[in-house]
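No lab work stands behind these numbers, since they all come straight from the coordinates. Given the structure is predicted, the values throughout are model-derived calculations rather than measurements. Cβ atoms come from the backbone with ideal geometry, glycine included; neighbour counts cover every protein chain shown.
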Amino acid sequence: MTELVVTKIGPIGHITLNRPQAINALTLPMILGIHSALDQWRDDDGILAVVIDGAGPKGFCAGGDIRSIHAARHNPEFGYDIFKAEYTLNYKIHSFPKPYLAFMHGATMGGGVGVSIYGSHRIVCESTKFAMPECAIGLFPDIGANWFFNAMPGQLGRWLALTGHAINAADCLFAGVATDYIPHALWPKLLGDLSKISDPEQIEAILSQYRTQLPEPGILAYKHSWIEDHFSYADLRSIIHHLPHTDHAMISRQYLQKNSPTSMALCFEAMRRAKGQNLRQVLMTDLLLSQQCLRRPEFYEGVRAAVIDKDRSPRWSPPQIDEVEASVIHGFFDPIPGINCDVFPQ
């Protein structure tokens, strides 16, 4: 089965992620295939817009193919190649000169966020579950996440980054992740209408005909002030230690307790450093941090527990946030000899 289906539907360049058995997790060939399609369509006057979606009922894309990265843990070149290809694709989508519409059903996480959130139109539906859960696998929220997390209201981005909490369509609209809510059953007809456009300016009018009222509220509208109160501390230890033992805080506490303490500390520091930076700068840092993570055991332990042995019991080292040394976290930001992170066009 072809992992990536690239077709043209009239004036629409159509990309379908086609690994439904793996919730369309991105492999290196898939990433390179999207690069190639966008490069071709950028200069094709017959292509007026791009649509990307995912096959199968479970989701648009659950992230990158971390199993293959784990299998290639003794091959640092593969680790560099796949992250470089992924992050440069994120930047290419961000700077793509034509409308880019991402249809984000079901699980939209990690690498799936990277190939959707930088598009001009991000369409969600009743099944959408958006999350950046990298701290649960010993990594960090990458794909430039600190750029859009820092742009969210108050401490919302920090809460999403540290916990990895999944949010629904209403929350995605509230946070600026999504631009449109359209029920999933209408997507085939919507795509058919888009395939008849003769001018990109017609896209907005078409979308306006399909937008409907959200079927369920999100949690952020009423939880936003609570997040602001409890995630505004200047350091991570204070956030964790001051989180109240209440029902309202229970889910956040559960996420923070299961995540890698080192990953959360790295996430917190990376987000702090990313304030005021542009996407290019954030992605350059992400490329460096990804390579630092691949040179340490935490990520491989997280992947082992999540997708290899599936025991969901990672043995983090150190196991507590109080044991994470600041010098270790700062060391992640030290350049790695021979690793070029300046790979994004100016």
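Values as computed for the structure displayed
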quantity	calculated
Conditions (1) surrounded by 14 or more Cβ atoms within 10 Å (Cβ to Cβ); (2) outside any loop (DSSP other than H, G, I, E, B); (3) in contact (Cβ under 8 Å) with a residue 12 or more places away in the chain; number of the one not met by Trp316	(2)
Criterion: of a type in the set (D, E, K, R) and touching a residue at least 12 places away in the same chain (Cβ under 8 Å) - qualifying residue of Glu201, Glu228	Glu228
Selected residue (only one of Gln254, Gln213, Gln209 is within 23 Å of Ser317 (Cβ to Cβ), without any contact (Cβ under 8 Å) to a residue 40 or more places away in the chain and more than 20 Å from the chain's Cα centre (by Cα))	Gln254
Single match in Ile219, Ile227, Ile240 (criterion: surrounded by 15 or more Cβ atoms within 10 Å (Cβ to Cβ) and farther than 25 Å from Val124 by Cβ)	Ile240
Residue within region 148-169 that is closer than 30 Å to Lys8 by Cα and either more than 13 Å from the chain's Cα centre (by Cα) or surrounded by fewer than 17 Cβ atoms within 10 Å (Cβ to Cβ) (or both) present	yes
Members of region 94-110 found to be out of contact with any Asp or Glu (no Cβ under 6 Å at 6 or more places or on another chain) and crowded, with 21+ Cβ neighbours inside 10 Å, listed by number	Tyr100, Leu101, Ala102, Met104, His105, Gly106, Ala107, Thr108, Met109, Gly110
Cβ-Cβ under 7 Å pairs, at least 6 apart or on other chains, region 125-148 side closer than 17 Å to Phe333 by Cβ, far side surrounded by 23 or more Cβ atoms within 10 Å (Cβ to Cβ) and of a type in the set (Val, Ile, Thr)	Gly144/Val282; Asn146/Val282; Trp147/Val282
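Here's the yes/no breakdown for (1) in a loop (DSSP other than H, G, I, E, B); (2) among the charged types (D, E, K, R):
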| position | (1), (2) |
| --- | --- |
| Ser232 | yes, no |
| Pro244 | yes, no |
| Arg253 | no, yes |
| Ala270 | no, no |
| Gln277 | yes, no |
| Arg280 | no, yes |
| Asp286 | no, yes |
| Glu301 | no, yes |
